[in-house]
Structure formats: C-alpha cells, structure tokens
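To start, the structure itself, in structure tokens.
The values are calculated or read from the model by the stated rules, or taken from the named source; none is laboratory data. On a predicted model such as this, the values are computed, not experimentally measured, just so you know. Here the Cβ is made from the backbone with ideal geometry for all residues, glycine too, and neighbour counts use every protein chain on show.
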Amino acid sequence: MQFLLFPSCSTLLLLLCALPARADWMADVGYVKLQAELGAACPKGVGVKFTQVEVPEPGGAYAPMAGYGNVPLPGTVSFIGQTFLLKSGDSAASTHAQVVGSRAYSIYGLASGVANVDVYDANHWLFAGFLNYPTPEAPQIVVPLSESSHVQNHAWIANPSDSSPGQIAAFNNLLHRVDYSINADSSNRYLCCAGMNNYVGSAFPVMMASAFNVLAVGRSDGQHSQGVTSSSFDGGGRSKPEIVAPSDATSFATGMVSGAGAVLRGVATTANGQRTETLRAVLLAGATKEEFPAWTQTSTKPIDGVYGAGELNIYNSYKILIAPEQTAHVTNPVTLTGWQHKAVLPNSTNDYILNIPASKNGGSLSAALVWNRQVTFNGSGFTHVSPPNLRLTLYKGPNNPGTQVYQSDSAVDNLEHIWRPLLLCGTYRLRVNGGAFTTQATLAWRYTPPVASPGIKIISSSPIVLGFDNLVLTQPYLIQVSTDLNGWSTAHNFTASSSTLTWNAPAMVGGRCFYRLKWTCP
C-alpha cells in the first residue's frame with residue numbers, strides 16, 4: 001500500500017517491494033475451478049475498461065508499462081494487448097503499478113482480456129485529473145469528471161495531517177466527491193476498489209477505503225488496518241474492509257478484487273447486472289468463510305471486523321451473476337443461487353422464497369444486500385442523506401413470514417449480510433425491508449450444498465458396529481433396518497451433535513440385515 005503525498009495531509013510514503021504472488025492464489029479465489037469448468041469460454045474481462053490510480057514513486061513514476069518485465073516469471077512480460085493511457089502525463093515504469101496491474105489484468109491476472117487502462121497519478125486524480133477538488137488556482141466548486149471506465153483500482157491511502165476542522169472538512173469533501181462520482185452517472189456506475197493499510201494496528205485510512213460506495217479490500221491473513229470508520233467523518237462506525245484476498249500486501253489484494261470485478265462486469269449482460277451495487281453484492285455473497293474459523297457477525301455488525309464478508313471467490317460470484325435476475329414474490333420461489341436489483345420502496349417488504357430440498361440438506365446460505373450512499377450537488381457544494389437503513393431477515397417455515405432465523409440490521413452500513421451454515425432443508429424466506437425513502441439496491445444470494453453426503457461404514461461385523469460420518473449438526477436422523485430391502489423399521493433415532501457417530505446395532509435376527517441412514521426435513 002502506498003501513502004499519498006497530499007497537501008496538508010500525512011507526507012509518509014511507503015513503497016512496497018514487488019513481492020512474488022503465491023503460485024496458487026488463483027486457485028484460492030476460485031478462478032482455477034472456473035477455468036476447469038468453462039475451458040476456453042472462461043471470461044477474462046474482454047470489453048471492460050479499467051482505471052488504475054497510483055501514488056508516484058521517487059522520480060515521478062506512476063504507471064505500469066507493457067513489456068517492462070517486472071512479472072512473476074523472469075524473462076517474460078506481464079502486459080500483452082493492453083494499451084495504457086497516461087492521464088497524468090509521462091511516466092517511467094512504476095514497480096508498484098506493475099505488480100498491482102499484474103494481479104488485475106495482466107496475462108497472470110484475472111482480467112487478462114482488459115485492453116484499455118487509464119492510469120493516474122493520485123495527486124492529479126484528486127484535483128483536475130478527476131475529482132476536481134478545488135485549489136487556489138481552480139477555486140470554483142464543480143463536480144467530478146465522468147468516468148468512462150467500468151472499474152477503478154486504488155492501491156494507496158491518505159489521512160489528514162491533524163484533526164483540525166479544516167482538515168476534517170477537506171476529507172469529508174473528498175469522500176462526498178467519491179460517493180457522488182460512483183453513483184452519479186446512471187449509464188455507468190463503476191465499481192471502485194480501494195485497499196486498507198498494511199499490518200494490524202496501522203492507521204485506518206480515510207481515503208479511499210472509508211467512502212460508502214467503494215469496496216474496501218484487506219488481506220486474507222488479516223494483516224491490515226481494521227475496525228470501523230472514524231466518527232470524525234460522515235458515516236462513522238462502518239466496518240472495513242468488506243472483503244479480503246490472499247496476498248502479502250493490501251495493494252496487490254486490491255488488484256485481485258478489482259480484476260475479479262472486471263471479469264464479472266464483462267459477464268454482466270443487463271443494465272441491472274452491470275450496476276456497482278450488483279457487482280459489490282455478488283462479490284460479497286460469493287466470498288467464503290471456510291478459511292476463517294473465527295469469522296463472526298452480529299445482527300448490527302453485518303460483516304466480520306477483520307475479514308469482512310470473507311475471501312474473494314470469483315467462482316461463487318460468477319455463478320450468482322449468470323443466474324437470470326429473479327423477482328421478489330410473497331409465494332413464488334426463486335432459484336437457490338441468484339440476485340435481483342430493484343427500487344426498494346419506503347417501508348416495503350420484498351420476499352424471496354428458497355425451497356431447500358432434503359437432497360441438499362446441511363448446506364450454507366450467503367446473502368448480501370447492497371446500496372449506494374446518495375450524494376447530490378446543489379451548485380455550490382455536496383449534500384447527502386443518512387442511509388435509509390434497509391433490513392435483511394431470514395425466516396423459516398411455510399407461513400408468512402415464518403420463524404426468524406437471523407436478521408442483519410445495521411443502522412450505519414450501506415450493506416446487510418446473512419451467513420448461515422448447516423441449514424436444514426425446508427422453506428425459507430429472505431425478506432428485504434425498505435427504509436425511509438426509495439433506494440436502489442441489489443440482493444445477491446447463494447445456497448451451497450454440503451461438500452460430502454453422510455456416509456455409513458461397518459466398523460465391526462460381530463457384533464455389528466456401524467460408523468456414520470459427514471453428519472449435519474442439529475439434523476434429526478433415523479437408522480433403519482430391513483431384511484428384504486422392502487420393509488424398513490426404525491432401529492434408532494438421534495439428533496446429530498457432532499459430524500460422526502458410532503452405533504452398536506442390536507443382535508441380528510435372521511440370516512441377513514440391511515441398514516440405512518434416513519433424514520427428512522423437520
């Protein structure tokens with residue numbers, strides 16, 4: 001991660017060396033699995049335009065260069081087919097920019113089909129280059145420029161140099177401009193990814209990760225700044241980061257996530273699928289928690305304070321996004337993996353019925369509800385409204401709404417998230433409750449069946465001792481016996497308190513005996 005040299009803010013500059021990526025990181029984030037399944041049809045972000053914003057290295061270098069050679073495999077080049085437009089003027093090759101770009105869109109990255117990359121010096125991007133923050137030379141109050149790219153990557157941070165009212169106001173203005181820019185252009189609401197600072201206990205960044213409408217990225221090893229946004233700024237108390245990726249630096253993890261975003265943006269075929277709310281929702285709903293045994297959430301803190309919604313998994317997110325857009329309905333079921341973008345009306349209820357069959361008993365449900373913070377420009381400045389406080393609740397049972405299983409109801413975040421592993425089969429209802437005003441939001445979800453089905457084996461044949469494994473916790477089971485495979489009687493019933501069970505069968509009557517393990521939806 002790089003520290004921005006910004007007037008009147010911290011003047012620290014940290015340049016991280018080009019550390020080699022673990023060779024298996026693409027497998028960790030699900031891209032190898034996606035390639036194996038789709039072959040030559042695997043998406044690569046073709047047709048997606050990318051923006052990369054970098055702090056200049058000593059000497060002013062801020063851009064990656066085709067053929068520069070700073071890549072994971074010595075003697076080869078990272079960038080083949082990419083055209084770099086240097087928006088902030090001439091630049092030599094930047095080591096940091098090379099490695100960030102290699103994770104995102106090089107031949108070693110996820111979105112190798114990206115052809116056009118706009119590159120900015122962050123100091124220029126904040127001012128006349130894009131955000132149009134006023135300066136003594138250009139004091140007029142104007143809105144940011146329009147973004148023609150579909151994805152922005154920000155692997156740098158900046159913080160005020162002090163806590164004076166002037167510094168706080170300046171950074172609030174910058175955050176308003178970022179959120180305004182992401183949400184302003186209805187024809188291209190781009191995905192913006194921004195990194196956290198490296199290492200636990202390091203400064204929590206204001207720029208860019210604290211903006212509402214960006215996707216803040218951390219490291220899968222948890223070695224990044226973490227916690228909640230500062231109460232000194234608009235929207236204090238929001239959890240960051242929202243997602244993590246398996247890298248040894250937040251800069252490069254951010255490149256992985258923005259590369260995944262570019263791949264998904266290239267897959268999206270509808271206007272709703274291309275929206276930033278949808279891309280953020282499918283990335284969060286697709287993220288995995290298996291890597292983090294300590295991952296936790298509460299009803300008012302939708303995501304974990306260290307790992308966010310979990311580790312990037314482009315395979316899961318791709319599967320969510322390619323599902324046809326679903327429709328909320330009070331009785332009609334939706335697919336077990338899917339999404340919908342819609343205008344959530346004030347105080348409304350919007351239901352998504354999930355029917356989990358017995359054959360898929362014991363799987364996990366991940367659902368993410370995402371919306372943008374609304375910022376408007378009144379001709380002389382930016383104004384915003386508090387988040388509308390949407391709510392996401394999971395119910396079980398055939399009744400409307402049924403028995404509440406879990407609720408995500410943060411008063412400050414502009415996302416809600418539900419993660420429920422080991423769900424028993426049956427009928428469930430995801431309900432989105434509207435807030436104080438009409439809000440454009442996307443709900444994305446995936447139900448993942450258990451990896452392995454319960455198994456049965458003979459531990460001893462005299463006496464008969466049977467072993468069962470891959471049991472689903474809290475699931476009721478029947479051990480049934482038959483002498484002819486036609487008539488079955490129950491020999492034992494139990495509710496699984498662990499994933500395994502050893503059972504001593506009664507003495508066998510007759511010449512042969514068959515056993516089976518049976519479960520039904522409770």
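Test Val214 against the stated conditions and say whether it is within 23 Å of Gly286 (Cβ to Cβ), at pLDDT 95 or above, touching a strand residue (DSSP E or B) at 6+ places or on another chain (Cβ under 9 Å) and of a type in the set (A, V, I, L, M).
yes
Can you give me the number of residues within the stretch 259-273 that are within 16 Å of Thr51 (Cβ to Cβ) and not aliphatic (A, V, I, L, M)?
4
Just to be sure I understand, how many residues within the stretch 240-250 are out of contact with any helix residue (DSSP H, G or I) (no Cβ under 8 Å at 6 or more places or on another chain) and modelled with pLDDT of 95 or more?
4
Filtering the stretch 83-132 down to residues that are acidic (Asp, Glu) and touching a residue at least 40 places away in the same chain (Cβ under 8 Å), which residue is surrounded by the most Cβ atoms within 10 Å (Cβ to Cβ)?
Asp121
Would you say Thr95 is modelled with pLDDT of 85 or more and β-branched (Val, Ile, Thr)?
yes
Condition first: free of Cβ contacts under 8 Å to residues at least 40 places away in the same chain and part of a loop (DSSP other than H, G, I, E, B). Now tell me which residues in the stretch 212-254 satisfy that.
Across the stretch 212-254, the qualifying residues are Asp221, Gln223, Ser225, Thr229, Ser230, Ser231.
Mind listing just one residue for me: the one in the stretch 377-404 that is hydroxyl-bearing (Ser, Thr, Tyr) and more than 21 Å from Ala444 (Cα to Cα) and, of those, surrounded by the most Cβ atoms within 10 Å (Cβ to Cβ)?
Ser386
Where in the stretch 385-457 are there strands (runs of 3 or more DSSP E), lying wholly inside it, with at least 2 residues that are in contact (Cβ under 8 Å) with a residue 12 or more places away in the chain and aromatic (Phe, Trp, Tyr)?
Ranges flagged: 439-448.
Filter the stretch 133-145 for residues that are free of Cβ contacts under 8 Å to residues at least 12 places away in the same chain and either over 15 Å from Asn173 (Cα atoms) or not β-branched (Val, Ile, Thr) (or both) and give the result.
Pro134, Pro136, Glu137, Ala138, Pro139, Gln140
Out of Asp185, Asp221, which single residue is closer than 25 Å to Ile418 by Cα, out of contact with any His (no Cβ under 8 Å at 6 or more places or on another chain), in the same structural domain as Val55 (by TED's automatic domain parsing) and among the charged types (D, E, K, R)?
One residue alone meets the criteria, Asp221.
Which count do you get for residues in the stretch 112-146 that are in a loop (DSSP other than H, G, I, E, B) and in contact with a strand residue (DSSP E or B) (Cβ under 7 Å, 6 or more places away or on another chain)?
Total meeting the criteria: 4.
Just checking, does the stretch 462-476 include any residue being assigned to a strand (DSSP E or B) and under 30 Å from Pro333 (Cβ atoms)?
Yes, the stretch 462-476 has at least one match.
Just checking, does the stretch 189-198 include any residue being assigned by TED's automatic domain parsing to the domain that holds Gly237 and part of a helix (DSSP H, G or I)?
No.
Please work out if Leu485 is out of contact with any Pro (no Cβ under 8 Å at 6 or more places or on another chain) and surrounded by 13 or more Cβ atoms within 10 Å (Cβ to Cβ).
no
Being among the aliphatic types (A, V, I, L, M) and either assigned by TED's automatic domain parsing to the domain that holds Pro241 or surrounded by 15 or more Cβ atoms within 10 Å (Cβ to Cβ) (or both) narrows it down to one of Leu423, Leu473, so name that one.
Leu423
Yes/no per residue for (1) hydroxyl-bearing (Ser, Thr, Tyr); (2) in a strand (DSSP E or B); (3) surrounded by 22 or more Cβ atoms within 10 Å (Cβ to Cβ):
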position	(1), (2), (3)
Asn272	no, no, no
Arg280	no, no, yes
Gln297	no, no, no
His329	no, no, no
Pro346	no, no, no
Tyr352	yes, yes, yes
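Anything in the stretch 354-376 that is modelled with pLDDT under 95 and surrounded by fewer than 17 Cβ atoms within 10 Å (Cβ to Cβ)? List them, or say none.
Across the stretch 354-376, the qualifying residues are Pro357, Ala358, Ser359, Lys360, Thr376.
Condition (residue is out of contact with any Cys (no Cβ under 8 Å at 6 or more places or on another chain), closer than 17 Å to Thr337 by Cβ, at pLDDT 95 or above and hydrophobic (A, V, I, L, M, F, W, C)) applied to the stretch 433-444: is it met by at least one residue?
Yes, the stretch 433-444 contains at least one residue that is out of contact with any Cys (no Cβ under 8 Å at 6 or more places or on another chain), closer than 17 Å to Thr337 by Cβ, at pLDDT 95 or above and hydrophobic (A, V, I, L, M, F, W, C).
Of all the residues that make up the stretch 298-342, how many are under 26 Å from Gly237 (Cα atoms) and of a type in the set (A, V, I, L, M, F, W, C)?
Final tally of qualifying residues: 4.
Which one of the conditions (1) over 23 Å from Gln440 (Cβ atoms); (2) more than 16 Å from the chain's Cα centre (by Cα); (3) charged (D, E, K, R) does Asp351 fail to meet, given that it meets all the rest?
(1)
Farther than 19 Å from Ser251 by Cα, modelled with pLDDT of 95 or more, of a type outside the set (Val, Ile, Thr) and assigned to a loop (DSSP other than H, G, I, E, B): which single residue out of Lys33, Lys44 fits that description?
Lys44
Within the stretch 501-520, does at least one residue satisfy the condition of being within 33 Å of the chain's Cα centre (by Cα), in contact (Cβ under 8 Å) with a residue 12 or more places away in the chain and surrounded by fewer than 19 Cβ atoms within 10 Å (Cβ to Cβ)?
Looking through the stretch 501-520, none of the residues is within 33 Å of the chain's Cα centre (by Cα), in contact (Cβ under 8 Å) with a residue 12 or more places away in the chain and surrounded by fewer than 19 Cβ atoms within 10 Å (Cβ to Cβ).
Name the residues in the stretch 416-459 that are polar (S, T, N, Q) and touching a Ser or Thr at 6+ places or on another chain (Cβ under 7 Å), would you?
Asn433, Thr442, Thr448
Out of the residues in the stretch 179-209 meeting the condition of being surrounded by 23 or more Cβ atoms within 10 Å (Cβ to Cβ) and out of contact with any strand residue (DSSP E or B) (no Cβ under 7 Å at 6 or more places or on another chain), tell me which one is farthest from Phe127 (Cα to Cα).
Applying the filter and picking the extreme gives Arg189.
Among the residues of the stretch 113-131, is any hydroxyl-bearing (Ser, Thr, Tyr) and farther than 16 Å from Ser251 by Cβ?
no
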